[in-house]
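Peer 1: I have a structure here, written as structure tokens, and I will follow up with some questions on it.
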Amino acid sequence: MAAAVDPTDGALTVLSSVNGVPDPSYLALSADGDTLYAVSETTDGAVAAYRVTGDAPEPIGPPVPVGGSGPTHLSVFDGHVLTANYGSGSVTAVPLRPDGTLARVASGVLRHTGSGPHTRRQQGPHAHQVQPDPSGRWAVSVDLGTDSVRVCALRDGSPVLHGEHALRPGSGPRHLAFHPGGEYAYVVNELTPTVTVCRWDAADGSLKPLAETAVLPGAPAGDAYPSGLVVSPDGRFVWTATRGEDVLSVFAVEGGGEALRLAGTVPCAGHWPRAIAVDAFGGFLYVANERSGDVTWFTLDPATGLPRRGGSIAVPAASCVILG
């Protein structure tokens, strides 16, 4: 679904919707914003491309199989689309043509190995996210099943492992976001409601965990599965979403990025927040609430980072929101 954004109050107005692939669980834009990519989170995973023209994205070319099951995330890196395949625990590279369209076949797949102590969720690898680091030299993949973050490079179109960095066993890392200064990264953990602060060294492509901070002020009342994670463009705040508790958590960034302090939580104004996004100026926050079927927007207090609900639009089974 495509929507227009009102720059004065962040409000969304639905413009159109388009079909193309089943279960399009995550989206990514090309650097120029002209092409949209979507993963199909199915057993036979695929990635599709859309031209962003007018009010409605237009499919361009058929979906391309990624050689992995259940892709949950994708990003654009070094002339390729990379997908994180949760079901098969792998990362796939699909080449991009000069016009932004997808090549017909994937150029390489990196298969993760390992497991974790959670008997139901960590019997094997589950790549949940893959994205470039701020330097553009490395691709970083987060694996919930192995409690680790892998750093990769592309070699002849194939993802090649550079290094694997362990997080606390049983934490279940889901998504990672970098501080705009480039020296720190924050990993939201799904199996324990926490965020891990890490030091990032782009020179040698290494990640070092420093501390872990709870996303809730007390013990969860019931289910609590953190999902989305974003950093403010000025690096002053970090926001997370937690499903079950259905809240947004606000962290104040301290020490230039090396520490997080939980500043408060607010209801997400929906049920089961799957993904969140912040606008380029840090004024508005958007939440995709999967089970209530809506995308809600919030105005962000510039002094505290606390969100104030603005409104919502209906989006059936909303799982991702990105801003172009």
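Peer 1: Give me the distance in nm between label points sitting 7 Å out from Cα along the Cα-to-Cβ direction at THR299 and PHE281, one decimal.
Peer 2: 1.3
Peer 1: Taking the stretch 1-50 on its own, what percent of its Cα-Cα pair distances exceed 16 Å?
Peer 2: Of the Cα pairs, 52 percent sit more than 16 Å apart.
Peer 1: Write down the accessible area per residue of the chain in Å², having rolled a 1.4 Å probe over the full set of protein chains.
Peer 2: Solvent-accessible surface per residue comes out at 41 Å².
Peer 1: Once fully extended, how much extra length lies between ALA203 and ARG168, figured as 0.36 nm per residue of separation less the alpha-carbon to alpha-carbon distance?
Peer 2: 10.2 nm
Peer 1: Let me ask another. Evaluate Rg over Rh across the chain, taking Cα atoms for both radii and Kirkwood's formula for Rh.
Peer 2: In the chain, Rg relative to Rh is 0.94.
Peer 1: Any chance you could run the full-extension gain for ALA219 through LEU323? It's 0.36 nm times the residue separation minus the Cα-Cα distance, nm to one decimal.
Peer 2: Net length gain for the segment: 34.1 nm.
Peer 1: Continuing with the same structure: Under a point spin-label approximation (7 Å from Cα along Cα-to-Cβ), what is the ARG111-VAL5 distance to one decimal in nm?
Peer 2: In this crude label model, ARG111 to VAL5 measures out at 4.0 nm.
Peer 1: Report, in debye and to the nearest 20, how large the dipole of the chain comes out about its Cα centre when Lys and Arg carry +1 and Asp and Glu carry -1 on their Cβ.
Peer 2: 580
Peer 1: To continue, here is another question. So how far apart, in nm, are the two label points at ASP234 and VAL266 if each is 7 Å from Cα heading toward Cβ?
Peer 2: Using points 7 Å along Cα→Cβ, the separation is 1.7 nm.
Peer 1: Can you give the Kirkwood hydrodynamic radius of the stretch 24-93 from its Cα pairs, in Å with one decimal?
Peer 2: Here the Kirkwood hydrodynamic radius works out to 11.9 Å.
Peer 1: Still on this model: Amide H to amide H under 5 Å from ARG243: which residues, 5+ apart in sequence or cross-chain, H placed 1.01 Å off N in plane?
Peer 2: Result for ARG243 returns TYR225, SER227.
Peer 1: For the stretch 194-324, what is the Kirkwood hydrodynamic radius in Å, using each pair of distinct C-alpha atoms?
Peer 2: Final number for the Kirkwood radius of the stretch 194-324 is 15.0 Å.
Peer 1: Right, something else. PHE284: net charge of surrounding residues, Cβ under 15 Å, Lys/Arg +1, Asp/Glu -1, itself excluded?
Peer 2: Residues close to PHE284 contribute a combined charge of -3.
Peer 1: While we're here: All other residues with a Cβ under 11 Å from the Cβ of GLY87 taken together, and with Lys, Arg as +1 and Asp, Glu as -1, what is their net charge?
Peer 2: -2
Peer 1: Give the Debye-formula value of log10 I(q)/I(0) at each listed q (0.32 Å⁻¹), with one equal scatterer per alpha carbon of the stretch 43-83, two decimals each.
Peer 2: -1.09
Peer 1: Percent of accessible area on the stretch 217-304 owned by carbon and sulfur, 1.4 Å probe?
Peer 2: Ligands and nucleic acids excluded, carbon and sulfur reach 53 percent.
Peer 1: Identify which of THR296, THR304, THR53 has the largest mean-square fluctuation in a Gaussian network model of the chain, with springs joining Cα atoms closer than 10 Å.
Peer 2: THR53
Peer 1: Using alpha-carbon positions, what is the distance between the centroids of the stretch 165-195 and the stretch 252-324, in Å?
Peer 2: Each part's Cα centre sits 18 Å from the other's.
Peer 1: Give the distance, in whole Å, between the Cα centre of the stretch 46-119 and the Cα centre of the stretch 203-236.
Peer 2: That distance is 25 Å.
The values are calculated or read from the model by the stated rules, or taken from the named source; none is laboratory data. As the structure is a prediction and not an experimental result, all values here were calculated from the model. We place every Cβ from the backbone using ideal geometry, glycine too, and count neighbours over all the protein chains shown. The area values use the complete protein model at the heavy-atom level, side chains included, leaving out ligands, DNA and RNA. Shrake-Rupley method; radii C 1.70, N 1.55, O 1.52, S 1.80 Å.
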